[in-house]
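Quick one: the structure is below, questions incoming.
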Amino acid sequence: MKITRFIPFLLALAVIPMSAQTALKQTTLTGAVSANQTTIQVASASGIVAPNPFGGPSQTPGFGTTLLVDGESMFVESTSGTVITVQRGANGTKQTAHNAAAVVWVGSPNSFISTDPFGPCTAANTTNPTIVTNTAFTTRPRYWNCVTFSSGNTQWAPVMTTGSITPAATSAAIQTAAQTFTVAGLVTGEPIAVVSAPVPTSLCPLTSAQVTAANTVSLYFTTLTAAACTPAAGTYLFTVARFIP
């Protein structure tokens, strides 16, 4: 039996938009990868670099690149265009087969951590998101962000973010309609909950949110009068239900 566990978050605290974070890059596999294969091919090698032999091995934080595919970490050993030679099952993760088009997260080794962070953080020194690769308690990696609360404290929070967005004006009709935005790390169909949002525009508030595609959230705004209305701009934050095996 699988038990749903929502990552906790304090709903009463408003969140100020994050600044100066580095967005974690993504690409995809161009072909299927077996559990023991040590070379993979990706759609884009942007941001993927081999370790500097004079600066330290790839597994040393700050050197080389780490990839994350379906929860498996891989250390980059060398590159040839979009063909990457990797060390499989890094950071204690399990070597598994991966399908073509699987999402590949690309980042420095310190973008991927093994335990949930807590306490104060500095946004400029973190990535959006920072990924916890230890899946002992959930079937997928967990995503964290460094956010500043209305109190002025900047802390780690187990949330995903749209970043600062400006929704388009709604049609001049009484209706509920969706607008889509990118939220890195979302998986199609998984349940989410909005935990922080800008103060809503009174005549076109946010009424629901749904993951409608990989890395994509649909925000549903309800127009309450037969006049165009622009929903609130700002940063929307979400928690995601993960599953305990």
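Determine the gain in length on full extension of the stretch Ala178-Ala101; use 0.36 nm per residue of separation and subtract their C-alpha separation, reporting nm with one decimal.
25.1 nm
With a point put 7 Å past each Cα toward its Cβ, work out how far Lys94 is from Ser218 in nm, to one decimal.
Computed distance between label sites Lys94 and Ser218 equals 3.3 nm.
Taking H as built 1.01 Å from N, whose amide H comes closer than 5 Å to the amide H of Gly107, not counting residues under 5 places away?
Under 5 Å from the amide H of Gly107 lie the amide H atoms of Thr66, each far enough along the sequence or on another chain.
Once amide H atoms are built 1.01 Å from N in the peptide plane, which residues 5 or more positions from Ala213, or in another chain, come under 5 Å H to H?
Placed amide hydrogens put Gly189 under 5 Å from Ala213.
Right, another one. At what distance in angstrom do the alpha carbon centres of region 198-241 and region 136-190 lie from each other?
If we compute the Cα centre of each part, the gap is 10 Å.
Collect residues whose amide H, placed 1.01 Å from N in the peptide plane, falls under 5 Å from the amide H of Ser44; neighbours closer than 5 in sequence don't count.
Counting only residues 5 or more places away or on other chains, the set is Thr28.
In addition: Based only on other Cβ atoms within 10 Å, what is the fewest-to-most ordering of Asp116, Asp70?
Taking fewest neighbouring Cβ atoms as first place, the list is Asp116, Asp70.
Can you check how the C-alpha radius of gyration of region 160-244 compares to 2.2 N^0.38 Å, as a plain ratio?
Expressed relative to 2.2 N^0.38 Å, the Cα Rg reads 1.08.
No value in this document is a laboratory result; all are computed from the given coordinates. Fair warning: this is a prediction, and the values are worked out from it, not measured in the lab. Neighbour counts are summed over all protein chains in view; Cβ atoms, including those assigned to glycine, are modelled from backbone coordinates with ideal geometry.
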